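The values are calculated or read from the model by the stated rules, or taken from the named source; none is laboratory data. Everything quoted here is computed from the prediction, not taken from an experiment. Note that we place each Cβ from the backbone using ideal geometry, even for glycine, and neighbour counts take in every protein chain shown.
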Amino acid sequence: MKIEVVDENGSGILHKFADAIGASVRGRFIDIPERLGEGFMTGFNWGSDLRMMIRNYYLKEEIVLERKNELPDGLGNVIFFLNGIFDSSVYQDKQLLPEQSNVFIAMQAVSSVVAMPQNTFFRSVTIAASREYLQERFGGLHHPIVTTILDGKENFAFEIGITPAMITTASEMLYQSVPESLEKHYNKLKCEELLCHIFAMLLQREEMPASGIHIKDIKAVYAIKFHLQSNLDKAPDIASLAKEAGMSEPKLRKLFKQTFGKGVFEYYQFMRMQEAARLLKENHLSVSEVGYQLGFTNLSHFSRVFEQHIGLKPKKYSLT
């Protein structure tokens with residue numbers, strides 16, 4: 001199913017998306033129709049400076065959402081997508097794929113196409129904040145990436161990982177224990193808490209100049225990321241990836257590191273070890289099975305790399 005929605009004034013697309021899929025409204029909750037899946041969306045709006053949407057659902061069929069923004073001059077909201085931030089183990093019996101966990105940060109005034117695959121559990125928080133609002137709270141932070149987010153005149157895209165602190169804060173929003181009359185105030189505090197955790201992570205990035213990035217280059221960099229994820233048993237060939245992306249190797253290396261905070265091979269190895277940890281813990285594979293599946297021919301080398309990234313040897317990790 002393909003859906004096109006237009007955000008005319010920066011007020012968001014929650015209810016427009018709900019109308020398009022025939023969802024029912026239950027107070028501040030929008031329930032996914034049974035024919036399409038199960039779960040809900042909800043959100044809060046604190047004026048034009050701060051909004052938040054929570055997605056907690058899975059879909060039986062793929063939905064491709066094309067979002068077009070028609071925003072007036074000066075309305076430059078920054079969007080923070082906190083993907084896969086809630087625990088999805090509650091739906092393991094349905095054999096659903098979890099949404100990949102990360103925080104994606106970009107400007108709102110960019111038309112975008114969002115693919116929502118079938119049988120994938122979306123448990124995320126999306127925050128939209130005006131630059132004026134962000135300047136007031138984080139303008140005193142000195143870091144090239146923060147400066148780009150608060151003041152940059154061109155498009156940007158940054159991605160960081162989800163931290164335990166973010167998971168805790170988000171869970172407190174999903175399973176809140178405050179009276180309904182305090183919900184809006186409580187969730188605003190939690191929303192601001194999540195922003196603090198995000199900016200704390202950004203401050204840990206290497207202080208390298210952040211240049212503007214064209215939307216086609218954002219798509220190319222994410223195509224490379226998808227290629228790495230799909231080929232964890234093969235070391236990346238930078239020259240081939242650059243040729244496929246239509247850019248020089250130096251440009252590829254620069255934009256990739258600027259976006260993800262890691263070089264191409266470093267990021268590949270990071271994802272490789274995250275997958276190794278998942279296979280050991282969730283699929284209960286042996287150390288040798290995981291090592292060979294991820295392209296390691298030397299299990300001692302696999303064990304060393306795993307310990308560098310995870311902090312424990314794979315055998316010990318599988319028993320924790």
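Results for (1) hydrophobic (A, V, I, L, M, F, W, C); (2) more than 23 Å from Lys153 (Cα to Cα); (3) assigned by TED's automatic domain parsing to the domain that holds Ile310, shown as yes or no for each residue.
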{"position": "Glu207", "(1), (2), (3)": "no, no, no"}
{"position": "Phe226", "(1), (2), (3)": "yes, yes, yes"}
{"position": "Phe265", "(1), (2), (3)": "yes, yes, yes"}
{"position": "Tyr268", "(1), (2), (3)": "no, yes, yes"}
{"position": "Ala277", "(1), (2), (3)": "yes, yes, yes"}
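Looking across the range 215-233, the residues that are more than 26 Å from Arg51 (Cα to Cα) and out of contact with any helix residue (DSSP H, G or I) (no Cβ under 9 Å at 6 or more places or on another chain) come down to Lys216, Phe226, Ser230. Does at least one position in the range 244-259 carry a residue that is of a type in the set (A, V, I, L, M) and under 30 Å from Phe44 (Cα atoms)? No - not one qualifying residue is present in the range 244-259.
Per the conditions (1) of a type outside the set (A, V, I, L, M, F, W, C); (2) under 23 Å from Ile149 (Cβ atoms); (3) surrounded by 14 or more Cβ atoms within 10 Å (Cβ to Cβ), the sole criterion not satisfied by Lys216 is (3).
Residues that are within 13 Å of Val78 (Cβ to Cβ), hydroxyl-bearing (Ser, Thr, Tyr) and part of a loop (DSSP other than H, G, I, E, B): does the range 121-136 have at least one? Checked the range 121-136: at least one residue is within 13 Å of Val78 (Cβ to Cβ), hydroxyl-bearing (Ser, Thr, Tyr) and part of a loop (DSSP other than H, G, I, E, B). Taken together, Gly12, Gly47 contain a single residue that is in the same structural domain as Arg137 (by TED's automatic domain parsing), modelled with pLDDT under 80 and outside any strand (DSSP E or B), which is Gly12.
Right, Gly246: out of contact with any helix residue (DSSP H, G or I) (no Cβ under 8 Å at 6 or more places or on another chain) and within 30 Å of Phe80 (Cα to Cα) or not? Reasoning before the result, please.
Working: out of contact with any helix residue (DSSP H, G or I) (no Cβ under 8 Å at 6 or more places or on another chain): no; within 30 Å of Phe80 (Cα to Cα): yes.
No, not satisfied.
Write out, first by first residue and then by second, each pair whose Cβ atoms fall under 8 Å of each other, whose residues are 6+ apart or on separate chains, and whose first residue, in the range 129-140, is of a type in the set (A, V, I, L, M) while the second is in a helix (DSSP H, G or I). Note: pairs meeting the criteria are Ala129/Leu195; Leu134/Ile149; Leu134/Leu150; Leu134/Leu195.
Step by step: first the residues of the range 292-306, then only those that are of a type in the set (A, V, I, L, M, F, W, C) and in a helix (DSSP H, G or I), then the one that is surrounded by the most Cβ atoms within 10 Å (Cβ to Cβ). Which residue is that? Across the range 292-306, the extreme among qualifying residues is Phe306. The residues listed here are Ala170, Ala128, Ala157, Ala165; of these, the one that is assigned by TED's automatic domain parsing to the domain that holds Glu34, surrounded by fewer than 19 Cβ atoms within 10 Å (Cβ to Cβ) and under 16 Å from the mean Cα position of the chain (by Cα) is Ala165.
For the range 293-316, enumerate the residues that are touching a residue at least 40 places away in the same chain (Cβ under 8 Å) and of a type in the set (Gly, Ala, Ser). Result: Gly295, single match. State yes or no: is His197 assigned by TED's automatic domain parsing to the domain that holds Thr148, surrounded by 13 or more Cβ atoms within 10 Å (Cβ to Cβ) and either assigned to a helix (DSSP H, G or I) or at pLDDT below 95 (or both)? Spelling it out, His197 is indeed assigned by TED's automatic domain parsing to the domain that holds Thr148, surrounded by 13 or more Cβ atoms within 10 Å (Cβ to Cβ) and either assigned to a helix (DSSP H, G or I) or at pLDDT below 95 (or both).
Okay, residues lined up against (1) under 24 Å from the mean Cα position of the chain (by Cα); (2) over 24 Å from Asn102 (Cα atoms); (3) among the small types (Gly, Ala, Ser):
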position: Phe226; (1), (2), (3): yes, no, no
position: Asn231; (1), (2), (3): yes, no, no
position: Ser240; (1), (2), (3): no, yes, yes
position: Glu266; (1), (2), (3): yes, no, no
position: Leu285; (1), (2), (3): no, yes, no
position: Glu307; (1), (2), (3): no, no, no
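Taking the criterion of being closer than 22 Å to Met107 by Cα and of a type outside the set (Asp, Glu), the residues of the range 155-169 that qualify are Asn155, Phe156, Ala157, Phe158, Ile160, Gly161, Ile162, Met166. Only helices (runs of 4 or more DSSP H) whose full extent lies in the range 222-291 are considered here, and the ones with at least 3 residues that are more than 22 Å from Ala106 (Cα to Cα) and basic (Lys, Arg) are 264-281.
Against the criterion of being under 21 Å from Asn102 (Cα atoms), at pLDDT 75 or above and assigned to a loop (DSSP other than H, G, I, E, B), Phe86 qualifies.
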